[in-house]
Amino acid sequence: SALMDQRQAVIDTIAAIVPVREIERENGRVALMTIGGDLLIDGAAPEFGFVRSATITPRMTLAGGALSGLTRNGQPVDLDKGFDGGTLGAAFRIRDETMPAAQAQLDAIARDLIERFQDPAVDPTVTGGLAGLFTDSGAVFLPGDEIGIAGRIAVNSAVDPEQGGELFRLRDGAGAMSAGPSGQSAQLNAWLSVLTEARTLSVGGSALGVAEHAAEFATAIATDRVRAEDAAAFATGRYNAAREAELAGGVDTDQEMQLLLQIEQAYAANAKVIETADAMLRRLMEI
């Protein structure tokens, strides 16, 4: 019984990682199966493998082979077959689906911002391959290099005095060679206008201004968070209900202990009566 309790404790730990069902086998053994019907263990223990990546960059994906998946005895495991619902499935889903989708949206917003200010029609001084007000790590942004641009976007050093730039380029254009009239505002107005111009992101969606794209992204993240919290609350409530139902059919150790104490007290009282009667009989026999 003690060993079975220890085994059950281990199974409960596994169930938090991967939801499992127990299947009774001969000689008191059990097999573990995922909710989707994939056997985890039935007899000899399999060896699960995973290669950890110390750092994950935006270009590293499972499909591209840069990230490791889960293996069993050297063979890839399909996580969609019953591995969802536990901490393991959640970790892989965040790494391979949730975070890449958010990264793609952020990259699209950063690309849109760079391209608005890099457009020669908006800033005539950035012709000839010059970078606009926002750059790709100081260089001109190339449309084919969108992945990870949200982490590389930077203000053009040409307008930053701390990096050897000149502030007059904020008024005259990021590629201006010399300062223009101090009262000139055409370039500033052009930049303000392009910020609110309705454009579509590379990932699709509605044509909006920069602020509206950012607000839409923040709203989507907040909505996903609320849905996740609702799902977690529902799962917790279902677990608590099932746990209470399970405990209702079990043994109440407190009540059983009270009954044992009552039996012990009754036995002690009966033993005292028998002992007294025996002493009386011995006394009578001696007389």
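Annotations for the structure displayed:
- Filter pass, Leu130 being of a type outside the set (Asp, Glu), open to solvent by 60 Å² or more (accessible area, probe 1.4 Å) and modelled with pLDDT under 90: yes
- Output for the stretch 1-30, where each listed residue is small (Gly, Ala, Ser) and more than 32 Å from the chain's Cα centre (by Cα): Ser1, Ala2, Gly28
- The stretch 125-142 residues that are within 14 Å of Asp107 (Cα to Cα), paired with ones that are surrounded by fewer than 17 Cβ atoms within 10 Å (Cβ to Cβ) and acidic (Asp, Glu) (beta carbon under 7 Å, 6 or more apart): Asp136/Asp145
- Verdict on Thr87 being open to solvent by 70 Å² or more (accessible area, probe 1.4 Å), closer than 26 Å to Ala235 by Cα, in contact (Cβ under 8 Å) with a residue 60 or more places away in the chain and not charged (D, E, K, R): yes
- Any chance Val51 is exposed (fewer than 12 other Cβ atoms within 10 Å of the Cβ) and part of a helix (DSSP H, G or I): no
- Any hit, the stretch 225-232, residues being under 30 Å from Thr200 (Cβ atoms) and of a type in the set (Asp, Glu): no
- Residue among Ser157, Ser193 that is within 15 Å of Pro120 (Cα to Cα) and under 41 Å from the mean Cα position of the chain (by Cα): Ser193
The values are calculated or read from the model by the stated rules, or taken from the named source; none is laboratory data. All figures in this text were calculated on a predicted structure; none of them were measured in a lab. All Cβ positions, even for glycine, are placed from backbone atoms using ideal geometry, and neighbour counts span all protein chains on display. Ligands, DNA and RNA are stripped out before the accessible areas are found, and what is left, the full protein with its side chains, is counted by its heavy atoms. Shrake-Rupley method; radii C 1.70, N 1.55, O 1.52, S 1.80 Å.
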